1. Suppose the filter is surrounded by 20 or more Cβ atoms within 10 Å (Cβ to Cβ) and not basic (Lys, Arg); does ALA21 pass it?
2. Would you please name the residue that is surrounded by the most Cβ atoms within 10 Å (Cβ to Cβ), looking only at residues in the range 92-109 that are modelled with pLDDT of 80 or more and under 17 Å from the mean Cα position of the chain (by Cα)?
3. For residues that are of a type in the set (S, T, N, Q) and modelled with pLDDT of 80 or more, scanning just the range 10-53, find the one that is nearest to LYS75 (Cα to Cα).
4. Hey, among GLN79, GLN53, GLN32, which residue is outside the structural domain of ARG8 (by TED's automatic domain parsing) and either surrounded by fewer than 16 Cβ atoms within 10 Å (Cβ to Cβ) or without any contact (Cβ under 8 Å) to a residue 60 or more places away in the chain (or both)?
Amino acid sequence: MSSSRARRSSRASAAAFPAEALTFGEVSTGAQNDLQRAADIARRMVKEYGMSQRIVDETGARVRDILTKRDGDLKAIAQRLLEEEVLEGDELHALLGERKTVEEGGRAS
């Protein structure tokens, strides 16, 4: 895994824990497992890529900042998941109001 992919993967895994805490006020075991995975990736980033703990901390801060800024989107996604349990990519893009999918040349946010 490249260092940039490790960062993206770490951010994605780390997002579940604060997202659930912000939205529901509690955290599921699934989100706890995601957080553990993010911690494992972070350790590898420090050991294998020589990244400092500061970079790992900045990643966590960035995740929290994004979730806070997109609180409305987060709550809309959570509500839809409570109703449907699964969201496909196009449904997620439509829910977020994104006009283009990755396949159409847009950029996933």
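The values are calculated or read from the model by the stated rules, or taken from the named source; none is laboratory data. This structure is a prediction, so every number in the text was calculated from the model and none was measured. Ideal geometry is used to build each Cβ from the backbone, glycine not excepted, and the neighbour counts take in all protein chains shown.
1. Considered against the rule, which asks whether it is surrounded by 20 or more Cβ atoms within 10 Å (Cβ to Cβ) and not basic (Lys, Arg), ALA21 comes out as no.
2. HIS93
3. Here is the first cut: in the range 10-53, the ones of a type in the set (S, T, N, Q) are 10, 13, 23, 28-29, 32-33, 36, 52-53.
Right, trim to modelled with pLDDT of 80 or more and you get 23, 28-29, 32-33, 36.
Values: THR23: 6, SER28: 16, THR29: 19, GLN32: 19, ASN33: 21, GLN36: 24 Å.
That would be THR23.
4. After ruling out the rest, the residue left standing is GLN79.
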